[in-house]
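*Asks:* Have a look at the structure that comes next, please.
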Amino acid sequence: MNLKDYIPVVPDWPKPGVNFLDITGLLNEPKAFNTVCKWLSIQVANANATSIVAIESRGFIFAGTLARSKELPLVLVRKPNKLPGDVHTVTYDTEYSTDSLSIKTNAPVGIRPFIVDDLLATGGTILATAQLLRNNFDDDVVNAAAVIGLDFLPGHNRLVKDKIDIHTLINYA
């Protein structure tokens, strides 16, 4: 199964010159979605993960299925003012602007949290999430997976440099 067949490209969205890869095609095709979830499940098992850390918002889709199937805590990383109680927040650069992410200070990440996101581009979102996690545990290496990797952007190299063990399933050169 060629998973790229289920990822339509939306030109000039969210701004002119950007070709948006729409993962909803993967979600609309049960066999494609199942293939992605099985691959992610293998990555989580290989990492001996103690929690699944979901990045807002499309990371929630994949991470929720993993947390349920692996019987691991699901930890949400959200935009500011979306989580009640005490949170850690970091600000980071995106492809288009700056943004912030928050995690609850008492999130049950354990000693080997596993970050899940839909797409790896510049790496800013996963780097910010790793920074939030490092407030909660002492391990140098963070494990992560993204369904799509944009190899023509610097994300993968940035993550490796920051001791993030990153895996991607569908890559665009």
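The values are calculated or read from the model by the stated rules, or taken from the named source; none is laboratory data. In this text the structure is predicted, and so the values were computed from the model without any measurement. All Cβ positions, even for glycine, are placed from backbone atoms using ideal geometry, and neighbour counts span all protein chains on display.
*Asks:* Return the residues of the stretch 1-18 that are in contact (Cβ under 8 Å) with a residue 40 or more places away in the chain and part of a helix (DSSP H, G or I); say none if nothing qualifies.
*Replies:* Once the filter is applied, which keeps residues that are in contact (Cβ under 8 Å) with a residue 40 or more places away in the chain and part of a helix (DSSP H, G or I), the stretch 1-18 yields L3, K4.
*Asks:* Still on this structure, please answer the following. Out of the residues in the stretch 41-91 that are surrounded by fewer than 17 Cβ atoms within 10 Å (Cβ to Cβ), closer than 21 Å to L127 by Cα and among the basic types (K, R), state the one that is farthest from the chain's Cα centre (by Cα).
*Replies:* K82
*Asks:* Confirm whether A130 is under 23 Å from V36 (Cα atoms), at pLDDT below 95, of a type in the set (A, V, I, L, M, F, W, C) and touching a strand residue (DSSP E or B) at 6+ places or on another chain (Cβ under 9 Å).
*Replies:* no
*Asks:* Can I ask one more? I want to confirm something. Restricting to the stretch 1-40 and keeping residues that are within 26 Å of G124 (Cβ to Cβ) and of a type in the set (G, A, S), which single residue is surrounded by the most Cβ atoms within 10 Å (Cβ to Cβ)?
*Replies:* G25
*Asks:* While we're here: On the basis of being touching a residue at least 60 places away in the same chain (Cβ under 8 Å) and surrounded by fewer than 14 Cβ atoms within 10 Å (Cβ to Cβ), does Y172 make the cut?
*Replies:* no
*Asks:* Let me ask something else about it. So which of I148, I126 ends up being in a strand (DSSP E or B), touching a residue at least 40 places away in the same chain (Cβ under 8 Å) and either buried (at least 19 other Cβ atoms within 10 Å of the Cβ) or of a type in the set (F, W, Y) (or both)?
*Replies:* So the residue among I148, I126 that is in a strand (DSSP E or B), touching a residue at least 40 places away in the same chain (Cβ under 8 Å) and either buried (at least 19 other Cβ atoms within 10 Å of the Cβ) or of a type in the set (F, W, Y) (or both) is I148.
*Asks:* So in the stretch 19-34, with the set limited to residues that are more than 17 Å from the chain's Cα centre (by Cα) and in a helix (DSSP H, G or I), which one is nearest to V9 (Cα to Cα)?
*Replies:* G25
*Asks:* Now, a different point. Could we say that V87 is among the β-branched types (V, I, T), at pLDDT 95 or above and within 22 Å of A144 (Cβ to Cβ) here?
*Replies:* Yes: the conditions hold for V87.
*Asks:* Any idea which of I111, I61 is touching a residue at least 40 places away in the same chain (Cβ under 8 Å) and assigned to a helix (DSSP H, G or I)?
*Replies:* Sole residue among the options that is touching a residue at least 40 places away in the same chain (Cβ under 8 Å) and assigned to a helix (DSSP H, G or I): I61.
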